[in-house]
Structure formats: structure tokens, C-alpha cells
């Protein structure tokens, strides 16, 4: 059976795509699941043109996108808005953005592919709420779990799940309910203060607060897929990317 390499990355409001290296650190992936692309949504085709990737699906309203190389064939793509962001929260978010906020809520970007031997795979990109209002985040996870349960066959879910310092109880319950298993990346952080706008927190606390955490996750259906290799890679973002090679069972 063939193998397939899937990456997930928070693009830091599109900065990864605008960086001089672009997608070079992720160039060997067959499929990329991206978050925070809304600031560059209208330019994304131009930004990825120099790479081997093409846009499979993009949704400005959720800031999610999926890219693929010609090592796989796109057969279907869709997006869903699972949860609208309250107006007051959007106003707060706008204060910290250097561009006009174009996202309206949390949802999914989804694409279906076939490998060279016609093996099917569905991938989903997601971006969960920051756990400031835990009720909103729990509701998103509940809706995401329901969405994932409706997908048949091999599935990979990847995204910025905003679980600091790692998966919470609700994240684990979501994975269990959806029949998903988390890719083990050991103790490697996917969010660091190297490129972060929040690096001042660690400095101000004189090292007492560690902002490094595993905010990002990749999950899969273990009855269909097995992890052959998993890496955490540095990119031009305040997040690091997860790149996993899966074998089909």
C-alpha cells in the first residue's frame, strides 16, 4: 500500500506564504492543511505559484486552506462554518490585527484525494478557539467531533487546536468520540516564543512562565492509517509545523 505525507501549519496570518522561503520547509508534503490564511486569501494563488503546490480549497471566512501537489488527485472539496464568532469578540480580535479581520467564525476546510493507486483519503483543516471562553471552545470541539464522525474511510485532521500547554480533556473526548488517534510528537512544542508576538510574557516573568506549548495537533483514523514518521519543523511562523508520513492499512 502507498504512503502519504500530510503537513499542518498555522501560517501566522499568512506570513509563512509571504516569507522568502515560502513553503520550502514543507515542500516534501503531499498535502498541507493551513490556518490563518485569511489576510492573504485573495493572493494565495500567486503566493504558492513558485512552489509545487496548488490550492485545493480556501475559505476566507474561517481562515482555512488546503494545498496539494500533483502526487495526489483532488476529487472533492468543501468548507463548513461550525460556529460564528460573536461580534464583541471579533472587535477584540481586530485590536490585535494589523489587517482588517475577515474571518467570521470557526469551521473546517475539507478535501478528498486519491493516491496514485486510487486509494482515497479525506483531510480536514481546523482552527479551534483560544480557551479564554471555554464554553465556546467546548462547543466548537463538540461540533467538530460531529463533523468528523460523518466522514467515512481514511481521515486526517490537522490544525491549530489552541490547547495550551497540550490537549485538554475536551480535546481528548473529541478525538475519542470521532474515532481519531493523535499523532505522537513527543515533548516537542509546536508554539514557541522565537517568532511570537507573545515572547514578552516569558521575558517579563523571568522564565517563570513557559509560553512554549503543543498548540497544534494532527489526528487520524487508526483503523485505516498508521504513522510511519512524524516531525515538527520550524517555519516562518509563531507556530511550528507537524509533518506526518502515513501508511494505509
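Worth a mention:
- In nm, spacing of pseudo-spin labels at residue 80 and residue 117 (7 Å Cα→C-beta vector): 3.1 nm
- Against the rule of thumb 2.2 N^0.38 Å, how large the Cα Rg of the stretch 3-248 comes out: 0.95
- Spacing of the two label points (7 Å from each Cα toward its C-beta) at residue 149 and residue 187, in nm: 3.6 nm
- Fraction of C-alpha pairs exceeding 16 angstrom in the stretch 41-149: 64 percent, rounded to a whole number.
- The length gained on full extension between residue 50 and residue 134, counted as 0.36 nm times the residue separation minus their Cα-Cα distance, comes to 26.2 nm.
- Paramagnetic reach from residue 226 (point 7 Å along Cα→Cβ, amide N under 16 Å) across the stretch 1-45: 1-4
- If the segment from residue 71 to residue 249 were pulled out straight at 0.36 nm per residue, it would be longer than the present Cα-Cα gap by 62.2 nm.
- Dividing the summed -39500 (n - 2.57) terms of all DSSP H runs of n ≥ 4 by the residue count of the chain sets its mean residue ellipticity at 222 nm at -5500 deg cm²/dmol.
- Cut-off 20 Å (backbone N to label point 7 Å along Cα→Cβ of residue 18), residues of the stretch 69-107: 93-104
- Springs between Cα atoms under 10 Å define the GNM used for the chain, and in it the highest mean-square fluctuation of 37, 87, 183 occurs at 87.
- Euclidean distance of C-alpha centroids, the stretch 83-136 and the stretch 212-248, integer Å: 18 Å
- Kirkwood-Stokes translational diffusion coefficient of the stretch 55-119, alpha-carbon pairs, 37 °C, 0.692 mPa s, µm²/s: 244 µm²/s
- Rg/Rg_ref, the stretch 108-182, where Rg_ref = 2.2 N^0.38 Å and atoms are Cα: 1.16
- Most to least packed among 23-35, 165-177 [average Cβ atoms within 10 Å]: 23-35, 165-177
Any read-out appearing in this document is the output of simple, stated calculations on the displayed coordinates, not a laboratory observation. In this text the structure is predicted, and so the values were computed from the model without any measurement. Cβ: placed from backbone, ideal geometry, glycine included. Neighbour counts: every protein chain shown.
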